[in-house]
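> Can you keep this structure in mind? I'll have questions shortly.
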Amino acid sequence: MEAWRRGLNDPVRAFAIEKAGPAHIATLKTFDPPLTTLEGRRLAGAERRGKRLLFPTEDGELVLLVHLMTSGRLKTLLAGENGPKTPAFALEFADGSKLVLTEAAKKKRAGVWLLAPEAAAEELAHLGPEALGLGADRLAEICATESRRLHSLLRDQRAIAGIGRAWANEILHAAKLSPYALSKDLSHEEVQRLAAAIDSELARGLELRARGAGDAKTYRVHNRLGEPCHVCGTPIARVDFEQHTIYYCPTCQTGGRVLKDRRLSRLLR
């Protein structure tokens, strides 16, 4: 998200909005004020809170909030550049350039909200502290609040904002911690390792994304089932859940133990 924010910041504020929309009925989550209220205004740039992108208007009266979820993609198109015929959402600027949201999934989960600043703040109020730069002391406080499996805790935006499924896999591998380890059971040294891995992995990802790297060059564990671990050579394993998949190295993270794949276990009953 931060790489997207940086890439979008200058293009979206260069020209006034000439046309707001169209928007897919499942993507646009608000109707008052209408999207047309944006027309003639300029955006102040791109901001980020957790996994959400925010585009406040230059006059400070409105905020366009975008949550891409898993399959949403947001990019700018130059004037005359071909884009999708039916985007989930689009803004066209006075120079002919566009901001376009697409979602390559049957179920449309990405969302766009047009809100007053106060309503936008309320929409984001549930989010925890930002992941990058969180620090070991604050992380220790979060881990001590309740006993949670680490992969679940890292993905919980109310606890820590900004980490998704893929980066939870990368972070836990870098920290050499089991995705099933309980937060309250972590030693001081393990909390230190986890905090350092959050910063190092997110910084690594940001640098690679800024250089235009795709998933294949960015992720070293996520989506690498059966491939050798880049640290020890053990084949990467995974655990499938209904809404997410955990990837991990048995040697680096679980002492050689292969975690039970619950989806496969149900099929074999």
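> If you add up the charges near Leu91, with Lys and Arg at +1 and Asp and Glu at -1, over every other residue whose beta carbon is less than 10 angstrom from its beta carbon, what do you get? Mind showing how you got there, number by number?
Values: positive: Lys19, Lys98; negative: Glu18, Glu39, Glu92.
Surrounding charge for Leu91 is -1.
> Just to check I understand the Karplus step: with θ = phi - 60° and J = 6.51 cos²θ - 1.76 cosθ + 1.60, what whole-Hz values come out for the range 122-128, glycine and proline as x?
5, 5, 9, 5, 7, 6, x
> Shifting gears a bit: Using amide H atoms built in the peptide plane, which far-off residues or other-chain residues are under 5 Å from Leu182 H to H?
When sequence neighbours closer than 5 places are left aside, there are no close amide H contacts.
> Check each of the chymotrypsin sites (Phe, Trp or Tyr not before Pro) in the range 166-269 and keep only those in coil by DSSP with at most 14 other C-beta atoms within 10 angstrom; list them in order. The partial results should precede the final answer.
On the way: sites: Trp167, Tyr180, Tyr219, Phe241, Tyr247, Tyr248; in loops: Tyr180, Tyr219, Phe241.
Taking the range 166-269 and a limit of 14 other Cβ atoms within 10 Å, the loop chymotrypsin sites (Phe, Trp or Tyr not before Pro) found are Phe241.
> Size of the range 17-73 along its principal axes in angstrom, Cα-based, largest extent first?
Cα spread of the range 17-73 along its principal axes, largest to smallest: 31, 24, 18 Å.
> Right, next: Quick check for me: using +1 on Lys/Arg Cβ and -1 on Asp/Glu Cβ, what's the dipole size of the range 153-259 about its Cα centre, in debye to the nearest 20?
On the way: 14 positive and 12 negative charges, 34 e Å.
That gives a dipole near 160 debye.
> Moving to a separate point now. In deg cm²/dmol, rounded to 500, what helix-only [θ] at 222 nm does the chain give when every DSSP H run of at least 4 residues adds -39500 (n - 2.57) and the total is split over its residues?
Taken over the chain, the calculation gives -9000 deg cm²/dmol.
> In addition: State, as an integer percentage, the relative contact order of the chain based on alpha-carbon contacts under 8 Å between residues 6 or more apart.
On the way: 498 pairs, mean separation 39.4, N = 269.
Across the chain, relative contact order equals 15 percent.
> Of Lys51/Lys98; Lys51/Lys75; Lys51/Lys85; Lys29/Lys107, which sit over 19 Å apart, Cα to Cα? Write out the running numbers ahead of the final one.
Working: Lys51/Lys98 22 Å; Lys51/Lys75 16 Å; Lys51/Lys85 26 Å; Lys29/Lys107 15 Å.
Going by Cα-Cα distance, Lys51/Lys98; Lys51/Lys85 fall outside the 19 Å limit.
> Right, next: Magnitude of the Cβ-charge dipole of the chain, K/R +1 and D/E -1, about the Cα centre, nearest 20 debye?
Using Cβ point charges on Lys, Arg, Asp and Glu, the chain gives about 1320 debye.
> Using Cα positions and a limit of under 14 Å, work out the aspartates and glutamates in reach of Lys260, with same-chain residues fewer than 8 apart set aside.
Asp240
> Thr76: net charge of surrounding residues, Cβ under 13 Å, Lys/Arg +1, Asp/Glu -1, itself excluded? List each step's numbers first, then the result.
Details: positive: Arg5, Arg6, Arg13, Arg73, Lys75, Lys98; negative: Asp10, Glu81, Glu92, Asp95.
Result for the neighbourhood of Thr76: +2.
> Something else: Take the Cα of Thr234, step 7 Å along the line toward its Cβ, and report every residue of the range 151-169 whose backbone nitrogen sits under 20 Å from that point.
Taking a point 7 Å out along Cα→Cβ of Thr234, the residues of the range 151-169 whose backbone N falls under 20 Å are 151-152, 167-169.
> If you don't mind, there's one more thing I want to ask. How many angstrom lie between the C-alpha centres of the range 207-260 and the range 163-186?
Here the answer is 11 Å between Cα centres.
> If you plug each phi of the range 36-49 into the Karplus form 6.51 cos²θ - 1.76 cosθ + 1.60 with θ = phi - 60°, what whole-Hz ³J(HN,Hα) values come out, in order, with x for Gly and Pro?
4, 4, 6, 5, x, 9, 10, 8, 7, x, 10, 10, 9, 9
> Separate question: Specify the angular offset, from 0 to 90 degrees and rounded to the nearest 10, of the alpha carbon long axis of helix 2-13 from the longest principal axis of the alpha carbons in the chain.
With rounding to tens, the tilt is 10 degrees.
> Using the alpha-carbon atoms, what tilt in degrees (0 to 90, nearest 10) does helix 188-210 show relative to the longest principal axis of the chain?
Helix 188-210 sits roughly 40 degrees off the main axis of the chain.
> Ok, one more. May I ask you to derive the FRET efficiency for Gln192 and Lys85 from their Cβ-Cβ distance with R0 = 45 Å, giving the value to the nearest 0.05? Please report the intermediate quantities before stating the final value.
Working: r = 51 Å, r/R0 = 1.13.
Calculated value: 0.30.
> Against the longest alpha carbon principal axis of the chain, how many degrees, from 0 to 90 and to the nearest 10, is the axis of helix 136-145 turned?
Taking Cα atoms only, the helix is inclined about 80 degrees.
> Here is a further query. Under 5 Å between amide H atoms, partner at least 5 residues away or on a different chain: which partners does Ala161 have, H built in plane at 1.01 Å?
Excluding prolines and chain starts, which carry no amide H, the hits are Gly128, Glu130, Ala131.
> Tell me which residues come under 5 Å, amide H to amide H, from Leu28 once H is placed; ignore anything under 5 positions away on its chain.
Val112
> State the answer as a single residue: which of Ala196, Ala16, Phe93 lies farthest towards the positive end of the charge dipole of the chain, with beta carbon charges of +1 for Lys and Arg and -1 for Asp and Glu, about the Cα centre.
Comparing the listed Cα positions along the dipole, Ala196 ranks first.
Rule-based calculations on the coordinates, nothing more; no lab input. Predicted, not measured: the structure shown is a model, and the values here were computed from it. Because the Cβ atoms are built from the backbone with ideal geometry, glycine has one as well, and the counts that use them run over all protein chains shown.
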